[in-house]
Structures are given as structure tokens and as C-alpha cells.
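Q: Starting off with a structure, shown below.
Every read-out reported here was derived from the displayed coordinates using simple, explicitly stated rules and does not represent laboratory data. Just so it is clear, the model here is predicted, and its values are computed rather than measured. Here the Cβ positions follow ideal geometry from the backbone for every residue, glycine too, while neighbour counts run over all protein chains shown.
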Amino acid sequence: MPPLKSDASHSARALPCSLPQVLRMILATGLLCSSGAFAAGSLTGLPGNLDEDFDDSSKSWQEISLQLPPAPQESDLASFYVDPRATGQSAVDAKSISIGTDGVIRYTMVVKTQGGAVNVSYNGIRCATYESKSYAFGRSDGAWSRARQDKWKVISNAGANRQDAVLFKEYFCDGTTIAGDLETIVLRFRNHQPMNSSGNAKGR
């Protein structure tokens, strides 16, 4: 029997790479797979939600607790014009005006009707949302009675008695922001110098 001959070309086809090369290929393939898995879901295992952390709009607004002011005094009332059809004279207690850290302007309003009745209320206006709210109503003995429907509502600019709309547009708000600091707002009432839609205020 003739001796077996080694076929060099056949051996080369059976083992195209040396052992170190094969190991390097295996390691490289494993790293690629790991990289692909990380790219596909790398953030899913991280703590927190980045979208929520940076999305301030998702954080709910919270109203601060408040303390009702003293009963208004006649000397502190600053009248303001509402409408030629208004059924009474409206005024704000300048000393009661405040700007809360929650962005709400609060004030006491006094409305004297043509029949002689006097209606006193403690209210709030949010420039950011074009809303108003009544917290309490004044009694004849100077005490307050909590409003039964103390909910925020969209300000109405219709009708003769539209005090909230006038206060929003002419005294408190510049669009959706507060129009100046507390001193500036108080001076508007004391000096009877309201803003107007063709000037600084951006009414709705």
C-alpha cells in the first residue's frame, strides 16, 4: 500500500485561521452582540425617567394656604370702572391685595348696588390660566363666611358685571403673567390709572 501523503492545500482549507485568530474573532463577535443589546435597551434599566425629570409641565400646580384679611375699611377702598351698564359701584381694598408664591393675586372686592346693598368678597385671580375664584364673603359684623363653591372658573368677559375681567385686563395681568410687583399694582388703584388693551395689558 502506498504511503499516505499529506495534502497541504486540503489542510489549509480545513483550518483557514490560526487558533489566536479564531479566539479574537469570537471575542469580537461577543462584544458586538453586547453592544447591540445595550444600544437597543440601554436606558430601560437606568433609574428614573429622563422625560419626566425634565418635563416641568407634568408637575401639578398647588395652591398655598391662605389667611383671610381684616374687613375692608372705607378709607382703603379704591373704585374702578367696570361697564356703563353695571348695576353697582365696584372697589378693591388696596390693603388686601397680595401676590402669593403660587402666582395668585388675592384681594377684597366691595360692590355697592344701586339699591344700597353692599357685597364684600375675598377673591383670587390666576393670570396664567385666566381664572378667578371666590374664597369667602363678608358679613355685616365684619366676619367672613366661606364660599360654598370655592372652585376656580374661567373668567367671563360678558355682561355688565364683569369685574373679574376688568381686574385681569386693566390691573393685575399682562397676558398670562402678573403685570408688575405688588407696589405697582396697588398704585394703579390708588392713582386710578388702569392699563388698557392698546397699551401694556394684553387683554383677552
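Q: Once both labels are modelled 7 Å past Cα along the beta-carbon direction, what's the residue 139-residue 102 spacing in nm?
A: Placing both labels 7 Å along Cα→Cβ, they lie 2.5 nm apart.
Q: Would you please state which residues of region 103-125 a label at residue 181 would reach in this model, taking the label point 7 Å out along Cα→Cβ and a backbone N cut-off of under 20 Å?
A: 103-107
Q: Hey, another quick one. How do 63, 183, 131, 170 line up, fewest other C-beta atoms within 10 Å first?
A: With the fewest neighbours first, 63, 183, 131, 170 line up as 183, 63, 131, 170.
Q: On to the next question. According to a simple spin-label model (label point 7 Å from Cα along Cα-to-Cβ), what is the distance in nm between residue 190 and residue 61?
A: Simple spin-label model gives 2.9 nm for this pair.
Q: So how do 144, 152, 61 line up by other beta-carbon neighbours within 10 Å, fewest first?
A: Lowest to highest Cβ neighbour count: 61, 152, 144.
Q: What percentage of all Cα-Cα pairs in region 74-190 are separated by more than 21 Å?
A: 33 percent
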